[in-house]
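Trainee: Okay, handing you the structure first.
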Amino acid sequence: MAKSKVLVVGGTGYIGRRIVRASLDQGHTTYVLQRSEIGLDIEKLHLLLSFKKQGAHLVQGSFSDQQSLVEAVKKVDVVICTISGVHFKSHNILMQLKLVDAIKEAGNVKRFLPSEFGMDPATMEHALAPGRETFDQKMIVRKAIEDAKIPFTYVSANCFAGYFVGGLSQLETLTPPKDKVRLYGDGNVKVVFMDEDDVATYAIKAIDDPRTLNKTLYLRPPENILSQRQLVEIWEKLSGKKLEKISIPGEDFLASMEGMDYVVQAGMGHFYHIFYEGCLTNFEIGEDGEEASDLYPEVKYTRMDEYLKIFL
């Protein structure tokens, strides 16, 4: 079967650049939307040009020019959107509604992967404000996709290692703490940690797979289902140094959010759901989902002991 042509929207972002590389590596004709909004952002331009050198095609388009989006979409079979949905960068999830309209108008897309790549928003109806805005907006986009009868795959990629593993899931650092580490509760709630390159690999694997059509692809490789305490122990073994462990009860964590600014509260709310409630692992994958490492056992995903070795 011929490989689908892919358009990546948000290709210069944290996950987007990895999606572009994975698409090229897996042999797909790959287009990247070059938005006029980048203006004088030289780093984004150089990244786009590096994609071109690797064989990607740059296609002009703008969210303020709907016809340009339609024309870009018409060039491909699959659209993957990775525009930012985190409060500490930019929160543009609802911009995707314009992309949904363009896909509907173009009428040729065989699969759309919207900007998800985190917790499954369908399981987060109870989420704390203000962080729940992320999930509510993702569900608005999902409804638009499904109302338009656009074929889709939603990717639930859980915790990016870059943000959650290097700093042993501390809120204020991305590198391992030197002396002491704060544990959320007893630190034994199971979490799923993913190397971001593996997220992209699995996502691209899914785009031509009929088993993932109109389903959620959950990234839960078994050896990466770890508690925060286990993550800390992996680092202690690698580094040969024991850390002082300070347990933070859930009620204290919630109380500490009061008075924080909006962005910090949003992030802390997500941490609470992940590390106290276990929202990534406290449900079984149903008929409307598939697990990535089951579908693609050939992917040699990065284990977290390997990931942490770079910090030694």
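The values are calculated or read from the model by the stated rules, or taken from the named source; none is laboratory data. What you see is a predicted model, and the numbers here were worked out from it, not measured in a lab. Neighbour counts run over all protein chains shown; Cβ positions are idealised from the backbone, glycine included. Calculation scope for accessible area: heavy atoms of the full protein, side chains included, ligands and nucleic acids excluded. Shrake-Rupley method; radii C 1.70, N 1.55, O 1.52, S 1.80 Å.
Trainee: Counting heavy atoms of the protein chains only and a 1.4 Å probe, report the per residue accessible area for the range 32-77 as a whole number of Å². If you can, show how the numbers build up before the last one.
Mentor: Working: 2670 Å² over 46 residues.
Heavy-atom accessible area per residue stands at 58 Å².
Trainee: Using a Cα-Cα cut-off of under 19 Å, which lysines could be cross-linked to residue 98, ignoring same-chain neighbours fewer than 8 residues away?
Mentor: Within the straight-line limit of under 19 Å, residue 98 reaches these lysines: 74, 75, 110, 138, 143, 149.
Trainee: Looking at the chain, identify the longest residue range that excludes and avoids all chymotrypsin sites (Phe, Trp or Tyr not before Pro) in DSSP loops having at most 14 other Cβ atoms within 10 Å.
Mentor: 89-282
Trainee: Would you mind getting the Kirkwood hydrodynamic radius of the range 149-264 from its Cα pairs, rounded to one decimal in Å?
Mentor: Values: mean 1/r = 0.0616 Å⁻¹.
The answer is 16.2 Å.
Trainee: Further question on the same structure: So, for the range 84-174, what is the accessible surface per residue at a probe of 1.4 Å, expressed in square angstrom?
Mentor: Working: 3570 Å² over 91 residues.
That works out to 39 Å² per residue.
Trainee: How big is the charge dipole of the chain about its Cα centre, in debye rounded to the nearest 20, if each Lys and Arg gets +1 on its Cβ and each Asp and Glu gets -1 on its Cβ? Before the final figure, lay out each step's value.
Mentor: Numbers: 37 positive and 43 negative charges, 206 e Å.
Computed charge dipole of the chain: roughly 980 debye.
Trainee: Shifting gears a bit: Fully extended, how many nm does the chain gain between residue 255 and residue 148 (0.36 nm per residue separation, minus their Cα-Cα distance)?
Mentor: Working: separation 107, 0.36 × 107 = 38.52 nm, distance 4.22 nm.
Difference between extended and current length: 34.3 nm.
Trainee: If one takes the longest principal axis of the Cα atoms in the chain, at what angle in degrees, from 0 to 90 and to the nearest 10, does the Cα axis of helix 262-272 lie?
Mentor: 70
Trainee: What does the charge count around residue 97 come to, taking other residues whose C-beta lies under 12 Å from its C-beta (Lys +1, Arg +1, Asp -1, Glu -1)?
Mentor: Local charge sum for residue 97: +3.
Trainee: Heavy atoms only, probe 1.4 Å: what % of the accessible area of the range 71-143 goes to carbon and sulfur, would you let me know?
Mentor: Details: 1550 of 2940 Å².
Summing carbon and sulfur atoms, their accessible area is 53 percent of the total for the range 71-143.
Trainee: If you roll a 1.4 Å probe over the heavy atoms of the protein chains, what accessible area per residue do you get for the range 196-312, in Å²? Please report the intermediate quantities before stating the final value.
Mentor: Working: 5830 Å² over 117 residues.
Here the per-residue accessible area is 50 Å².
Trainee: Starting from 0.36 nm per residue, how many nanometres of slack lie between residue 180 and residue 264 once their C-alpha separation is accounted for? Each step should come with its number before you reach the end.
Mentor: Working: separation 84, 0.36 × 84 = 30.24 nm, distance 2.19 nm.
Working it through step by step, the gained length comes to 28.1 nm.
Trainee: So what is the calculated 222 nm ellipticity per residue for the chain, using -39500 (n - 2.57) for each DSSP H run with n of 4 or more, over all residues, to the nearest 500 deg cm²/dmol? Could the numbers behind the result be given before it?
Mentor: Values: 12 runs with 111 residues, N = 312.
Mean residue ellipticity at 222 nm (helix-derived): -10000 deg cm²/dmol.
Trainee: Using a basic spin-label model with each label point 7 Å from the Cα along Cα→Cβ, how many nm lie between residue 108 and residue 309?
Mentor: If labels sit at residue 108 and residue 309, their model points lie 4.5 nm apart.
Trainee: Continuing with this model, one more query. Sequence neighbours fewer than 8 away in the same chain don't count; with that in mind, list the aspartates and glutamates whose C-alpha is under 19 Å from residue 300.
Mentor: Residue 300 reaches 25, 195, 196, 197, 198, 209, 223, 290, 291.
Trainee: Excluding same-chain residues fewer than 8 positions from residue 53, which lysines have a Cα within less than 16 Å of its Cα?
Mentor: Within the straight-line cut-off, residue 53 pairs with 44.
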